[in-house]
Amino acid sequence: MMHKPNFIVIMTDDQGYGDLSCMGCTDFKTPHFDRLAQNGVRFTSFYANAPVCSPTRASLMTGCYPRKTGVTGLCAGNRYAEGIRNDLPVLSEELKNEGYKTALFGKWHLGSLEECRPHRKGFDKWIGFLAGNVDFFSHVFYYGWTRKTLPIHDLWEDGVETNKYIGKYFTEVITEKSVEFIRESNENDEPFFLFASYNAPHYPMQAPDKYLDRFKNLPEDRRIMAGMLSAVDDGVGAIMDELERLGITENTCIVFQSDNGPERSKRCWLDGNEDYYYGGEAGKLRGHKASLFEGGIRVPAIISWPGTIPCGVVSDEVAATFDIFPSFLKAAGADISKYHIDGKDIIPHLSKGEKNPHDKIFFEMPDQSLILDGAERALDHQYAVRKGDWKLVVNGTDVAGVDEEDRIFLSNIKEDMGERTNLKDRHPEIVQELMAEIEGWKEEIENYKTIDTYSML
Ligand SMILES: [Ca+2]
């Protein structure tokens, strides 16, 4: 009997659209990511469902728009943070119900309360942290929202706090544990779901000399970015090598994506510098983490499943994080019609050339005091919609500056991927249409009732 396919999500944290050599990065190389791209479809218009960590991860786990999951902003770093609402089915649980062995290594950031933790959300095995980031060696969370927040130790193994990995570069721990899990699952003849949730290149910007020495000629901010990503790149290589060695590459679907765009926060500097940080690259895109301009949400992404979807293909079609939930579950043999979700199964589009199931996609970013400059600086609520080649951004933010008249920003994303020219005055009818789309979507997400999410309950 044909084995059920294995699934791997490799997620990076705050990696910019331009920071892979296969995405056009020229000052450092990511050979293993490039190899993964040659083994599958590389996307140029893949979206994270939010411009910050937690809501994108909530969409990954549920297949829903962030607001429906109860997670629209960043989950707090204390030990009382709530995460995804408890009545929503989550990917790890659902795959477990389909007979999968499940594991998470790395960042969770979907709640710290006991009931929100990974072992209560369907993960058989997990080693990781619950807050938004940790020091890569001490695994302490140092960066509270306010000055009142104290540092918190944040590393756990299967729900129990652990000091076992102190002093070890956490990126390498994620890789080692991921490879071990793949090997064990294969030995036990169990289909598996692995979430390799790398916290690089999120701050604190740290990499051992082993990686930094590869990039001696780069300026310091860029050098650390390159070093952190090079360590993840080695991890991608190790995971691919293990699948190859076990002969299960063709029966394993790997999705790689970053959870949002590059960070510009001053706290990325570790030398007291108070400039915005430009160590991460969004390529030609405007914006950055926390912005609904493309740089905040359009991310590097690859789906590899040799034998099922084509290899070495570049796709300009729209896809997003919330598509992973239905795509994996359908491929696992589940009846996905029972889920009331927003993501789509995109495998038929990739494997058989069927029409892309997305015609429009929405985003929001609620007011939040931002990490950008450490100040208590509330933003206006941002909204955005992409419909075909048109994109409308309302209250978009950009540390490089946004003119007052550009609070409503219309662009033709195909012709102007960098969102440089505001076409709102030239096409008021399109602005009106897209504003109506956003209003309709707001009504839908605001009136969303949990009871509707899972008709089998
Ligand atoms: Ca992130």
Considering residues of the range 368-402 that are acidic (Asp, Glu) and within 23 Å of residue 431 (Cβ to Cβ) only, the residue modelled with the lowest pLDDT: 380
Set 283, 237, 296, 272: member being within 20 Å of the chain's Cα centre (by Cα) and part of a loop (DSSP other than H, G, I, E, B): 283
Pairs, first of a type in the set (Ser, Thr, Tyr) in the range 234-249, second part of a helix (DSSP H, G or I), C-beta under 8 Å, six or more apart: 249/240; 249/243
Members of the range 342-357 found to be modelled with pLDDT under 95 and assigned to a loop (DSSP other than H, G, I, E, B), listed by number: 353, 354, 355, 356, 357
Count - residues of the range 282-310 that are touching a Cys at 6+ places or on another chain (Cβ under 9 Å), under 30 Å from residue 249 (Cβ atoms) and within 16 Å of the ligand (Cβ to nearest atom): 1
Filtered residue count, the range 55-91, keeping only those that are closer than 19 Å to residue 124 by Cα and either assigned by TED's automatic domain parsing to the domain that holds residue 381 or of a type in the set (Ser, Thr, Tyr) (or both): 1
One residue from 190, 184, 161, 180 being farther than 24 Å from residue 332 by Cβ and out of contact with any Ser or Thr (no Cβ under 9 Å at 6 or more places or on another chain): 161
Answer from 76, 50, 81 - the residue that is within 16 Å of the ligand (Cβ to nearest atom), surrounded by 24 or more Cβ atoms within 10 Å (Cβ to Cβ), touching a residue at least 12 places away in the same chain (Cβ under 8 Å) and in a loop (DSSP other than H, G, I, E, B): 50
Selection within the range 111-164 - among the hydrophobic types (A, V, I, L, M, F, W, C) and assigned to a loop (DSSP other than H, G, I, E, B): 113, 123, 130, 131, 134, 136, 137, 145, 150, 155
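The values are calculated or read from the model by the stated rules, or taken from the named source; none is laboratory data. Predicted model only: the values in this text are computed from it and were never measured. Methodologically, a virtual Cβ is constructed for each residue, glycine included, from the backbone with ideal geometry; neighbour enumeration extends over all protein chains shown.
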